[in-house]
1. Do me a favour and compute the ellipsoid semi-axes for the stretch 2-60 from its Cα gyration tensor, root of five times each eigenvalue, largest one first, whole Å.
2. Which far-off residues, 5 or more places away or on another chain, put their amide H under 5 Å from the one on residue 25, with H placed in the peptide plane?
3. Keeping the other protein chains in place, figure out the carbon and sulfur percent of the accessible area of the chain, with a 1.4 Å probe.
4. Quick check: pseudo-label points 7 Å beyond the Cα along Cα→Cβ at residue 37 and residue 18, how many nm apart are they?
5. ³J(HN,Hα) across the stretch 19-28 via Karplus (A = 6.51, B = -1.76, C = 1.60, θ = phi - 60°), whole Hz, x for Gly/Pro?
6. Just the accessible area for residue 56, please: 1.4 Å probe, Å², rounded to the nearest 10?
7. From the helices alone, meaning DSSP H stretches of at least four residues, give me the mean residue ellipticity at 222 nm for the chain, per-run term -39500 (n - 2.57), in deg cm²/dmol to the nearest 500.
Amino acid sequence: MRYYHFENLVEAVSRMLERYEFYPVRQRTMQENLKFMQSGEGYRAKLVKRYGSHMKNYTY
């Protein structure tokens, strides 16, 4: 159970993608992916958003 600031989430996903020789993810792509994951067309994922120090934090 770890909370990520959005920018840190983008960096963590990008590092993992680069490890497998994929291109890093962009912020806009990450925003759209999170929106899709929460939708009925996606996985109906329950992403927890906490607001702290004026930033949104995510966990799954």
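The values are calculated or read from the model by the stated rules, or taken from the named source; none is laboratory data. Keep in mind the model is a prediction, meaning the values are calculated, not measured. Cβ placement follows ideal geometry from the backbone for every residue including glycine, while neighbour counts extend to all protein chains displayed. These area figures cover heavy atoms from the full protein model, side chains too; ligands, DNA and RNA do not enter into them. Shrake-Rupley method; radii C 1.70, N 1.55, O 1.52, S 1.80 Å.
1. On the way: eigenvalues 75, 53, 18 Å².
Three semi-axes, in Å: 19, 16, 9.
2. The list, which skips near neighbours in sequence, is 14.
3. On the way: 2680 of 5230 Å².
Solvent-exposed carbon and sulfur of the chain make up 51 percent of the total.
4. 2.0 nm
5. Using θ = phi - 60°, the values come out as 4, 9, 6, 9, 6, x, 8, 9, 4, 5 Hz.
6. Surface open to solvent at residue 56 totals about 80 Å².
7. Values: 2 runs with 26 residues, N = 60.
That calculation yields -13500 deg cm²/dmol at 222 nm.
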